[in-house]
1. Taking the stated definitions as given, is I169 assigned to a helix (DSSP H, G or I), of a type in the set (A, V, I, L, M, F, W, C) and touching a helix residue (DSSP H, G or I) at 6+ places or on another chain (Cβ under 9 Å)?
2. Against the condition farther than 20 Å from S72 by Cα, in contact (Cβ under 8 Å) with a residue 12 or more places away in the chain and surrounded by fewer than 20 Cβ atoms within 10 Å (Cβ to Cβ), how does N175 come out, does it pass?
3. Is it the case, given these coordinates, that I159 is surrounded by 12 or more Cβ atoms within 10 Å (Cβ to Cβ), among the hydrophobic types (A, V, I, L, M, F, W, C), without any contact (Cβ under 8 Å) to a residue 60 or more places away in the chain and touching a helix residue (DSSP H, G or I) at 6+ places or on another chain (Cβ under 6 Å)?
4. Being farther than 29 Å from N3 by Cβ and either touching a Lys or Arg at 6+ places or on another chain (Cβ under 9 Å) or not assigned by TED's automatic domain parsing to the domain that holds E15 (or both) narrows it down to one residue among K186, K107, K95; which is it?
5. So which residues in segment 124-143 are aliphatic (A, V, I, L, M), within 15 Å of L191 (Cα to Cα) and surrounded by fewer than 17 Cβ atoms within 10 Å (Cβ to Cβ)?
6. Is it fair to say E146 is outside the structural domain of K10 (by TED's automatic domain parsing), outside any loop (DSSP other than H, G, I, E, B) and crowded, with 16+ Cβ neighbours inside 10 Å?
7. Of all residues in segment 149-166, which are at negative phi and either outside any loop (DSSP other than H, G, I, E, B) or touching an Asp or Glu at 6+ places or on another chain (Cβ under 9 Å) (or both)?
8. Could you tell me which residue of segment 34-81 is nearest to the chain's Cα centre (by Cα), considering only residues that are of a type in the set (F, W, Y) and not in a strand (DSSP E or B)?
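The values are calculated or read from the model by the stated rules, or taken from the named source; none is laboratory data. Just so we're clear, the structure is a prediction, and the values are computed from it rather than from any experiment. Cβ placement follows ideal geometry from the backbone for every residue including glycine, while neighbour counts extend to all protein chains displayed.
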Amino acid sequence: MENDILRIVKEDLLEELKRKNDKLSSLLIEPEIKVSRFFISKAIGELKKEDLIQTKGELIFLTEQGNKKAESIVRKHSIIENYFKKTRSKEEAWKAASILEHYVSMKVIDNIKKLSTFRKEGAPLTEFKQKEGLITDIIFNVGLFERVVSMGICPGEKISIINRLPNSIVVEIENKKFALDLSIAKKIKVLKR
């Protein structure tokens, strides 16, 4: 769990540095990233060891390698955010992208780019008739959205329906099986592949 939090803090720090023109005062990081000083200090130490940032007094700078990694994170965020702007407010799209960017692979990002070209939004999983599809959206509040995404259930992922039970639907995503309660399955939109 701690390693996962640290990875997310490191990515958020790189992203924030990129958005602030490659430099930021360490005093301004905590309010921006909203985690304890312990994780920020640890993230800064690891990013320095990885040669992704340098420090000079209170200022933190991206290295050339750090700049490339930060650009990749910002690009990933932008693709996800633009996708969600079709169905959500700007603020909701930003929040969804801020969560998803830490959990999805570039393969999923490529699928999200493809999904952006479709006119249809998909059907709720409870109404989806095919055996396989692509998840197009997950319509939950931020807390539940993050929990579902952290399990690997996210837009752009392929989903296979294994079984339909009276109170749940059994699905497979990336070789992991889940029994989703119908109230949750109803909020996952799927499009035929």
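1. Numbers: assigned to a helix (DSSP H, G or I): no; of a type in the set (A, V, I, L, M, F, W, C): yes; touching a helix residue (DSSP H, G or I) at 6+ places or on another chain (Cβ under 9 Å): yes.
Answer is no for this residue.
2. no
3. Values: surrounded by 12 or more Cβ atoms within 10 Å (Cβ to Cβ): yes; among the hydrophobic types (A, V, I, L, M, F, W, C): yes; without any contact (Cβ under 8 Å) to a residue 60 or more places away in the chain: yes; touching a helix residue (DSSP H, G or I) at 6+ places or on another chain (Cβ under 6 Å): no.
When the stated conditions are applied, I159 does not pass them.
4. Values: K107 fails: farther than 29 Å from N3 by Cβ; K95 fails: farther than 29 Å from N3 by Cβ.
After ruling out the rest, the residue left standing is K186.
5. Here is the first cut: in segment 124-143, the ones aliphatic (A, V, I, L, M) are 125, 134-135, 138-139, 142.
From what is left, the residues that are within 15 Å of L191 (Cα to Cα) are 125, 134-135, 138-139.
Passing the criteria: only I139.
6. On the way: outside the structural domain of K10 (by TED's automatic domain parsing): yes; outside any loop (DSSP other than H, G, I, E, B): yes; crowded, with 16+ Cβ neighbours inside 10 Å: yes.
So E146 passes the test.
7. Residues of segment 149-166 at negative phi: 149-151, 153-155, 157-166.
Scanning segment 149-166 gives V149, S150, P155, E157, K158, I159, S160, I161, I162, N163, R164.
8. Pass one, segment 34-81, residues of a type in the set (F, W, Y): 38-39, 61.
From what's left, not in a strand (DSSP E or B): 38-39.
Working: F38: 23, F39: 20 Å.
Only one residue tops the list, namely F39.
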